[in-house]
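Down below is the structure, laid out as structure tokens.
The values are calculated or read from the model by the stated rules, or taken from the named source; none is laboratory data. All of these numbers come straight from a predicted model, not from anything done at the bench. Quick reminder, even Gly has a Cβ in these numbers, built from the backbone with ideal geometry, and neighbours come from all protein chains shown.
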């Protein structure tokens, strides 16, 4: 029989471990929901591109997200309990939120859209999939995170191979195109920097909704010059009309009156942006930025499954094998010694 003191300490240790496991499980569940929703956004965006340009979709999407988070913040501010940073008046940290909006929304989204124009989608998917490795390296250089390990690198490389197979989907068309490939690399680095900034905001104790709302606001401000440029003939012709903005009243009434367009915009703005970005901040806070980012490798699998179920696109043997590689790679990347 163990002494009473040791039994009490073992009981306390068990309670602490159960509490920690519940927090980790909840964080992984939140991350899984975010990955599931983000994997569905490709189909919604593809449907909206028939009536809207890429820039218009981004502005409306993040405009809806900012408005939703502002309403939620206004309700919280009028509650009985006020959080430490609930008023958002720490102007010294506005540079942090502006940097988050610049890297995570403005640069990442635009560079990815431009990269798809100058190179093929497979190249973009492959280059962007190196994001977790770059995020781990940046975290090691600029933070106290030491998640960069041999297991993470090996698992990430296996997952990158899986992403390549899923993206090609039976059609091997990998050709280097310097300009588009460099833009894809820029998008990948932008997301890595954004992930580090998310960790900084979490360390400062900002609620996820407040930090994301401010980042969205700054990103919308940065998009304004492109909107003005998009109205002109030059902007309308740029990147095959990706940056065009239509002010024609008849055309706007027609495309904004469609309920299917509003369903897709609402899904992208309210769910995939406002809710998921805030939930992703929470997952990064509990799991660590690097571990949560590795989970993004699973997004292509969700896209393939969603396309197969709702769009009738049958997955090829190459994409199926690629999905298996992604799952194995994610498992290896998250493996840790006890």
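The number of residues in segment 127-142 being buried (at least 21 other Cβ atoms within 10 Å of the Cβ) and more than 14 Å from the chain's Cα centre (by Cα) comes to 4. The residue that is modelled with the highest pLDDT, among those in segment 66-84 that are surrounded by 10 or more Cβ atoms within 10 Å (Cβ to Cβ) and either over 26 Å from the mean Cα position of the chain (by Cα) or over 21 Å from residue 276 (Cα atoms) (or both), is 77.
Against the list (1) under 30 Å from residue 32 (Cβ atoms); (2) surrounded by fewer than 17 Cβ atoms within 10 Å (Cβ to Cβ), the condition residue 264 fails is (2). Would you confirm whether any residue within segment 5-16 is closer than 26 Å to residue 279 by Cα and modelled with pLDDT of 80 or more? No, segment 5-16 has no match at all.
Name the single residue that is modelled with the lowest pLDDT among those in segment 40-65 being under 16 Å from the mean Cα position of the chain (by Cα) and either more than 24 Å from residue 240 (Cα to Cα) or not in a helix (DSSP H, G or I) (or both). Within segment 40-65, the match that is modelled with the lowest pLDDT is 40.
The condition (being farther than 23 Å from residue 273 by Cα, at pLDDT below 80 and either out of contact with any helix residue (DSSP H, G or I) (no Cβ under 9 Å at 6 or more places or on another chain) or part of a helix (DSSP H, G or I) (or both)) is satisfied by just one residue among 146, 92: 92. Of all the listed residues (220, 157, 179, 185), the sole one being at pLDDT 90 or above, assigned to a helix (DSSP H, G or I) and surrounded by fewer than 22 Cβ atoms within 10 Å (Cβ to Cβ) is 220. Residues in segment 24-39 include at least one that is part of a helix (DSSP H, G or I), modelled with pLDDT under 75 and surrounded by fewer than 17 Cβ atoms within 10 Å (Cβ to Cβ). Test of understanding: among 297, 236, which residue is assigned to a helix (DSSP H, G or I) and within 30 Å of residue 207 (Cβ to Cβ)? Just a single option satisfies the conditions, and that option is 297.
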